[in-house]
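Here's the structure we're looking at; comments come further down.
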Amino acid sequence: MKPEEGTEVAPVCCAVLVAAGNSVRMGEPKQFMKLLGVPAIVWTLRAFDRARSVSSLVLAVRPGEEGEMARLAREYGVQKPVSFVPGGEERQVSVWKGVQAAPEEAELIAVHDGARPLVTPEEIDRAVGAVRPPAAAALAVPVKDTIKIVGEGGLVLSTPPRESLWAVQTPQVFPAARYRRELALAMEEGRLYTDDCQLWEHAGLPVQLCRGSYENLKLTTREDAVTAESLLRERGQRL
């Protein structure tokens, strides 16, 4: 059915979920770490599966884990089209492989850390809806602590005003065609970024931050897993 005249059609968005890290600080693959008895990556998959703004998923995983991830997606009832690709040693390589596997018709690419299992469908929709090409969009929260810029030996050089500092999260959402071009150029030139928005900024393109949640934490240490389980219990979520 064609949309009625004057009806705004939402752009097609593919989510690239990055879950190919070695989890050195966690001591075990955090994508498989159980939160309330469910692998962390499943919580992430289900959030994107429920997001109205996302039409398909690509999961970049550690080589050899494609089959296990596909099994989990089936077992927990992921409904949207999802494909699995082997990631790389560097995060950006995993993102690049995921983007290459995204459907050609995707107008937006949403990149998300697989180890952020507490993101909500509403937050995902908010980030996707904030994209106004050529601007990208990303979830972020104001920092709570005073930040110090330090130099050699840990000596404080300056204290930036806290009201201007935000901690960026994921998903980070980009106009697909330009993002593919900029990412290909960065790979060709050997520029590797730990944050996807840095790529956009390097190209001189704007990034619009939209309010995220302090609950959208990234699993980095075992303490994070304890906090994540507590928040999931508070939400009353079960799979």
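The values are calculated or read from the model by the stated rules, or taken from the named source; none is laboratory data. Every value quoted in this text rests on a predicted model; they were computed, and no experiment measured them. Cβ: placed from backbone, ideal geometry, glycine included. Neighbour counts: every protein chain shown. Surface areas here come from the heavy atoms of the whole protein model, side chains and all, with no ligands, DNA or RNA. Shrake-Rupley method; radii C 1.70, N 1.55, O 1.52, S 1.80 Å.
Some observations on this one:
- Take every DSSP beta bridge whose two residues both sit in the range 97-239; close to 70 percent of them are antiparallel.
- For the chain, accessible area per residue (1.4 Å probe, heavy atoms of protein chains only), Å²: 52
- A DSSP coil position with no more than 11 other Cβ atoms inside 10 Å describes the following trypsin sites (Lys or Arg not before Pro) in the range 196-239: ARG238.
- Distant-in-sequence amide H partners of LEU59 (H built 1.01 Å from N, under 5 Å): LEU17, SER83, PHE84, VAL85
- Top positive-direction residue, dipole computed over the chain with Cβ charges, set PRO134, VAL119, LEU209: VAL119
- Among beta bridges that DSSP assigns inside the range 9-137, antiparallel share in %, nearest 5: 15
- Answer label for mean projected area of the Cα convex hull in nm² (calculated), chosen among [x] 17.2; [y] 15.4; [z] 13.3: [y]
- Qualifying lysines (Cα of each under 25 Å from Cα of LYS80; at least 8 residues distant if same chain): LYS2, LYS30, LYS34, LYS97, LYS218
- Between the range 160-178 and the range 208-223, the alpha-carbon center distance in angstrom: 12
- Value of [θ]222 nm, deg cm²/dmol, for the chain, DSSP H segments ≥ 4, -39500 (n - 2.57) each, nearest 500: -9500 deg cm²/dmol
- log₁₀ of I(q)/I(0) at q = 0.22, 0.24, 0.28 Å⁻¹ - the range 54-118, Debye sum with one point per alpha carbon: -1.02, -1.19, -1.44
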